[in-house]
Amino acid sequence: MALRVGVIGLGDVSMIHLHSIKLSEKAELVAVCDIDETKSSLIENVNFYTDYIEMIQKENLDCVHICLPHYLHYPVTKEVANLGVNVLLEKPLCLDTEETEKFKDLSDSTDTNICVCLQNRYNNTVEKLKEIINSGVYGKVIGVKGLVAWNRPNDYYTVKPWRGKMELAGGGVMINQAVHTLDLMQLLGGKIESIKGNIDNFLDYDIEVEDTVNAIINFENGARGIFFATIANATNSSVEIEVVLENGIFSIKDSKLYRHIDGDLIEIAEDERLSGLKHYYGASHGKLINKYYDCLMNNSKDYIHIKDAIPSIKIIDLIRESSESRKTILWGDILCKNLQ
């Protein structure tokens, strides 16, 4: 029997979720919720609500997808979980490291399954690269590089002002555009020892959040990572991730994984593509969503948990703290030392 699914929030990213739900044989979309009543006509033959509590109480849902602004992630997830409904939460996990403590407590106190949508972990290229690293064939990791050069016009913030406010967004390019890259860097590089970084605003936008960032990430295994992200580029260029091993270099660019051999790039794997203007979301939302549905149906815990999403949030806070203090920050030197 298909899972009864609802969606809370009908903004940009919800369309990817709705598309994946529609294609899944494991789920039936029975209800959606948004405070904007004009969106009631977006989805046909599905009950529309402006109150997600009412939706949950009336629809007997197995899980909900939460696709809301960052500042609503924790309070809404908490209420839904306390009502006994499973949650698939769109990235980022939350606003900051302090709020990850609340999420950790929630995870420890509920029997509901809360999955965080870090779908790029399921990209074919990432899965293959992780397999290569874990095999040990090319030796240990000695370097990791992550580059995000995207474009966001001023109206990206004026149309949805919460995106430019620290207390509502938790940051700018790091938490909104580059959180997946930071997640993959720590996934591939290993445990982090320290970070030194700098954030800035190069664009003349009236926003509180950063538009550009660079950082050095030192890993416990001795590897060094470099990270650069900006929304000041002329276009949305391909995200680049490079991993340097003792006996080989591998990189992901344009949705393909390459091995570098004597100046040539040898293609090893390729991601599935997402068509349209939002192609940079990648095509792994559906893969993550269906895997999570399988977990719910088979009582498995093999999905991306809250604890898995905490490091990327902590990296962002360490970079911010380093930028403000102009010092290298140790992994344990920030708010939530018990999250190591």
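The values are calculated or read from the model by the stated rules, or taken from the named source; none is laboratory data. These figures come from a predicted structure and were not determined experimentally. Counting neighbours? That spans all protein chains shown, and the Cβs are built from the backbone with ideal geometry, glycine included. Remember, those area values only see protein heavy atoms, side chains included, never the ligands or the DNA or RNA. Shrake-Rupley method; radii C 1.70, N 1.55, O 1.52, S 1.80 Å.
For the chain, the carbon plus sulfur part of the accessible surface works out to 46%, probe radius 1.4 Å. For q = 0.15 Å⁻¹, what log10 I(q)/I(0) does region 106-198 give under the Debye formula with an equal point scatterer on each alpha carbon and no solvent? Log-scaled intensity ratios, in q order: -0.85. Note on LYS58: lysines with a C-alpha under 23 Å away, same-chain residues under 8 apart excluded, are LYS22, LYS26, LYS39, LYS78.
The equivalent ellipsoid of region 175-293 has semi-axes of 24, 22, 16 Å, largest first, where each one is the square root of 5 times an eigenvalue of the Cα gyration tensor.
Rounded to the nearest 10 degrees, the angle from helix 306-325 to the longest Cα principal axis of the chain is 50 degrees. On a per residue basis, the chain carries 46 Å² of accessible surface, using protein heavy atoms and a 1.4 Å probe. Taking each DSSP H run with n ≥ 4 as -39500 (n - 2.57) and averaging over every residue of the chain yields -9500 deg cm²/dmol at 222 nm. Which net charge results for the neighbourhood of GLY248, defined as the other residues with beta-carbon distances under 15 angstrom from its beta-carbon, given Lys and Arg at +1 and Asp and Glu at -1? Net local charge, GLY248 excluded: -1. Heavy-atom accessible surface of PHE250, to the nearest 10 Å², is about 0 Å², with a 1.4 Å probe and all protein chains retained. Computed from Cα positions, the angle between helix 97-109 and the longest principal axis of the chain comes to roughly 50 degrees. Relative to the current alpha-carbon distance between ASP308 and ASP108, full extension at 0.36 nm per residue lengthens the span by 70.6 nm.
Take VAL13: with every protein chain present and a 1.4 Å probe, its accessible area is about 30 Å².
Accessible area of LEU93 (1.4 Å probe, protein heavy atoms only, ligands and nucleic acids ignored): about 0 Å².
What number, in percent, do you get for the relative contact order of the chain if the mean sequence gap of Cα pairs under 8 Å and at least 6 apart is divided by its residue count?
19 percent
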